[in-house]
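Asks: One structure is given below, represented as structure tokens, and several questions about it will come after.
The values are calculated or read from the model by the stated rules, or taken from the named source; none is laboratory data. Note that this is a predicted model, so its numbers are computed, not measured. Note: ideal-geometry Cβ built from the backbone for every residue, glycine included; neighbour counts use all protein chains shown.
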Amino acid sequence: MSYIEAILTLFAIVDPIGNIPVFLDVAEHTPRGQSQKAFNTAVTVGVLILLVITFASDAILSHVFHIHLADLELAGGILLLIIAIDNLIFGSIRRSLNVNGTFTSYEIGCVPLACPLLAGPGAMVTSLTILESSGPAKAIVAIAAVFGILWLVMRFVEPIHRVLGRTVTTVFSKVMCLFIAAIGAHMIMSGLQHYFSGPQ
């Protein structure tokens, strides 16, 4: 997997453009004028979560549970496929992020923005898979690049939304879900190939 492939794969999972309506909706529940603090918190916490989970999980999986890359690819592929199909048909990711009341920018930046929206199970599995298959440099670059783009989208979320509109961002999100489903299917096939390629 090249650097570009790693970045595009994680970008499809995090889906900064498709999540613009969610960012705007969640921002309405922050104190007036503090939505950008919530977005900055979300990006910072999201990056930290992915880095910690990615690198700590590698050691835990290898030395404690003795799980190989093929096992991770198979389980992660199934998870991504379920997430993509569920969001395409039911939109459950957005439903689960309904927020009632007003929260501080730090509270809403951590939950639900950072986790589970940005650094959720799909992003965690994808980052760990990139690490296992392509090395730590590509995993770090992918996380940094995607969350850098994400920060820019959040910084200019209102102008971007005015230009694109809700329909375009929703369609973009659905298209990204198709890519997520394809990535999940590829991971499943790659994991299965390990088991059917002969004696290990």
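Asks: Every residue in the range 134-176 that is small (Gly, Ala, Ser), in contact (Cβ under 8 Å) with a residue 12 or more places away in the chain and farther than 12 Å from TYR3 by Cα, please. Even if it seems obvious, please write down each step before you answer.
Replies: From the range 134-176, those small (Gly, Ala, Ser) are 134-135, 137, 139, 142, 144-145, 148, 165, 173; that's our starting set.
Now narrow it down to the ones that are in contact (Cβ under 8 Å) with a residue 12 or more places away in the chain: 134, 139, 142, 144-145, 173.
Within the range 134-176, SER173 is the sole residue that qualifies.
Asks: Considering every residue within the range 125-141, establish whether at least one is in contact with a Lys or Arg (Cβ under 7 Å, 6 or more places away or on another chain) and part of a helix (DSSP H, G or I). Don't jump to the end; show me each part of the working.
Replies: Just the residues of the range 125-141 that are in contact with a Lys or Arg (Cβ under 7 Å, 6 or more places away or on another chain), to begin with: 130.
Now drop any that are not part of a helix (DSSP H, G or I), which leaves 130.
Checked the range 125-141: at least one residue is in contact with a Lys or Arg (Cβ under 7 Å, 6 or more places away or on another chain) and part of a helix (DSSP H, G or I).
Asks: Which condition does PRO31 not pass, out of (1) assigned to a helix (DSSP H, G or I); (2) modelled with pLDDT under 85; (3) loosely packed, with under 15 Cβ neighbours inside 10 Å, if it passes all the others?
Replies: With respect to (1) assigned to a helix (DSSP H, G or I); (2) modelled with pLDDT under 85; (3) loosely packed, with under 15 Cβ neighbours inside 10 Å, PRO31 is out only on (1).
Asks: Restricting attention to the range 88-124, and to residues there that are outside any helix (DSSP H, G or I) and within 16 Å of ILE180 (Cβ to Cβ), which single residue is modelled with the lowest pLDDT?
Replies: Narrowing the range 88-124 to residues outside any helix (DSSP H, G or I): 90-91, 96-104, 119-120.
Narrowing the set further to residues that are within 16 Å of ILE180 (Cβ to Cβ) leaves 90-91, 119-120.
On the way: PHE90: 70, GLY91: 65, ALA119: 92, GLY120: 84.
My answer is GLY91.
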